[in-house]
Amino acid sequence: MDAITETKLSYNGVRQFLSKCKPMRSTAVISSKGQIVIPASLRKRYRLHKGTTVVFQEERGRLVLEPNTYEAIYALRGILREFPLEASLQEERRAELKRENER
């Protein structure tokens, strides 16, 4: 199984797991430094680890916290290194030109 398939399966598994779970409601207190602690159950559920960058955004009068998707995309860098995309495209173009010339 390749890494892309594993990533898709992992993502689908998390999505299915979260859809079966009951929504959690937790509270936290903002410290004098403006810090909050995300409850361990939520950190575990959403796989938030030390060093995870999160984004705060306002949506319809609510403050939403979510992992930074740029970091998730950046983590996939180099995953297609073994996939010969350029060679495949060149081969496909040659075959297409050959079919056109035969017409």
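Things worth noting here:
- Residues of region 34-59 satisfying the condition of being under 17 Å from Pro23 (Cβ atoms), assigned to a loop (DSSP other than H, G, I, E, B) and modelled with pLDDT of 90 or more: Ile38, Pro39
- Yes/no for Val14 being out of contact with any His (no Cβ under 8 Å at 6 or more places or on another chain), modelled with pLDDT of 85 or more and surrounded by 11 or more Cβ atoms within 10 Å (Cβ to Cβ): no
- Residue tally, condition loosely packed, with under 10 Cβ neighbours inside 10 Å and either of a type in the set (S, T, N, Q) or on the phi > 0 side of the Ramachandran plot (or both), over region 28-52: 5
- In region 60-97, the residue that is farthest from the chain's Cα centre (by Cα) out of those that are part of a loop (DSSP other than H, G, I, E, B) and exposed (fewer than 10 other Cβ atoms within 10 Å of the Cβ) is Gly61.
- Of all residues in region 44-73, those that are farther than 19 Å from Ser26 by Cβ and of a type in the set (Ser, Thr, Tyr) total 3.
The values are calculated or read from the model by the stated rules, or taken from the named source; none is laboratory data. Just so it is clear, the structure is predicted and the values come from calculations on it, not from any experiment. We place every Cβ from the backbone using ideal geometry, glycine too, and count neighbours over all the protein chains shown.
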